[in-house]
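Asks: Below you will find the structure I want to go over with you.
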Amino acid sequence: MAHSDFPNLTVISHPLVQHKLSYLRSQDTTTDTFRRLVREISQMLAYEATRDLPMKTAPITTPIATFQSPVIAGKKPCIVSILRAGNGMVDGLLELLPSARVGHIGLYRDPTTLEPVEYYFKVPEDVADRAVIVVDPMLATGNSAAAALDRLKECGCSAIKLLCLLAAPEGVGNLLKRHPDVPILTASLDERLNDHGYIVPGLGDAGDRLFGTR
Ligand code: URA
């Protein structure tokens with residue numbers, strides 16, 4: 001169900017998601033457990049995000065009879081990872097969507113303008129014909145996510161969802177202004193951003209914790 005303050009946001013309150021998220025946040029969680037939890041929570045977010053995939057029927061023959069049975073219609077979805085932390089979520093989604101295509105968008109923040117600058121962009125040529133699921137664990141200011149969504153819309157994408165593990169109200173509000181048509185699914189809407197742009201209470205730097213770089 002959409003959040004009362006943010007019609008673009010759905011918080012997945014399932015007990016398994018919330019339990020795993022608590023351990024993900026803990027500073028005592030080791031790199032291998034952190035990776036596993038990111039994968040597991042991402043999988044559950046993907047389960048919710050794919051609820052409305054279009055369906056059709058196809059003839060299926062059981063040992064007893066042939067009948068028209070429901071299958072997913074259209075081209076395989078495309079997962080788009082915002083580098084680098086988005087990569088930690090891709091495997092969880094691929095476990096549910098093993099034939100999905102995977103695109104990558106690399107952005108860095110220009111130190112003077114503080115605007116996101118693209119350094120890498122690779123998606124399937126026919127991405128506009130696919131349901132697109134953008135993954136980025138931390139929706140903080142929302143500027144990178146908004147830039148990634150701008151770029152995907154320039155490619156003609158219209159069926160786009162954004163999956164993140166944690167969201168800050170500042171980022172959700174930014175996306176509501178700039179991309180009100182893009183549903184966001186998250187495991188938690190946290191309190192706020194601190195002066196360094198980190199989500200509070202958050203989980204720290206998701207990329208560093210995933211890749212053991214700190
Ligand atoms: N990116 C992170 O990795 N952590 C935050 O808290 C905010 C942005």
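The values are calculated or read from the model by the stated rules, or taken from the named source; none is laboratory data. In this text the structure is predicted, and so the values were computed from the model without any measurement. With ideal geometry, Cβ positions are generated from the backbone for all residues, glycine too; neighbour counts draw on all protein chains shown.
Asks: Does L203 fit the bill of being out of contact with any His (no Cβ under 8 Å at 6 or more places or on another chain), crowded, with 21+ Cβ neighbours inside 10 Å, assigned to a loop (DSSP other than H, G, I, E, B) and in contact (Cβ under 8 Å) with a residue 40 or more places away in the chain?
Replies: Yes.
Asks: If V134 satisfies all but one of (1) without any contact (Cβ under 8 Å) to a residue 60 or more places away in the chain; (2) surrounded by fewer than 22 Cβ atoms within 10 Å (Cβ to Cβ), what's the number of the condition it fails?
Replies: Unmet for V134, out of (1) without any contact (Cβ under 8 Å) to a residue 60 or more places away in the chain; (2) surrounded by fewer than 22 Cβ atoms within 10 Å (Cβ to Cβ): (2).
Asks: Quick check on this structure: which one of A168, A85 is in contact with a helix residue (DSSP H, G or I) (Cβ under 9 Å, 6 or more places away or on another chain), within 16 Å of A206 (Cβ to Cβ) and crowded, with 22+ Cβ neighbours inside 10 Å?
Replies: A85
Asks: Please specify each residue of the range 184-198 satisfying the condition of being closer than 18 Å to S144 by Cβ and touching a Ser or Thr at 6+ places or on another chain (Cβ under 9 Å).
Replies: I184, L185, T186, L193, G197
Asks: Pick out the one residue from L185, L175 that is within 30 Å of I72 (Cβ to Cβ), of a type in the set (A, V, I, L, M), in contact with a helix residue (DSSP H, G or I) (Cβ under 8 Å, 6 or more places away or on another chain) and not in a helix (DSSP H, G or I). Even if it seems obvious, please write down each step before you answer.
Replies: Values: L175 fails: not in a helix (DSSP H, G or I).
Sole residue among the options that is within 30 Å of I72 (Cβ to Cβ), of a type in the set (A, V, I, L, M), in contact with a helix residue (DSSP H, G or I) (Cβ under 8 Å, 6 or more places away or on another chain) and not in a helix (DSSP H, G or I): L185.
Asks: Out of the residues in the range 159-172 that are in a strand (DSSP E or B) and within 11 Å of the ligand (Cβ to nearest atom), which is farthest from L37 (Cα to Cα)?
Replies: The first filter runs over the range 159-172 and keeps only residues in a strand (DSSP E or B), leaving 160-167.
After this cut, where a residue has to be within 11 Å of the ligand (Cβ to nearest atom) as well, the list is 164-167.
Values: C164: 13, L165: 10, L166: 13, A167: 17 Å.
Across the range 159-172, the extreme among qualifying residues is A167.
Asks: May I ask you to say which residue of E95, E115, E125 is of a type in the set (D, E, K, R), surrounded by fewer than 17 Cβ atoms within 10 Å (Cβ to Cβ) and at pLDDT below 95?
Replies: Being of a type in the set (D, E, K, R), surrounded by fewer than 17 Cβ atoms within 10 Å (Cβ to Cβ) and at pLDDT below 95 holds for just one of E95, E115, E125, which is E115.
Asks: Between a residue in the range 156-172 that is at positive phi and any residue that is away from the ligand (no atom under 16 Å from the Cβ), which pairs come within a Cβ distance under 6 Å, given they are 6 or more apart or on different chains?
Replies: Note: pairs meeting the criteria are G156/A128.
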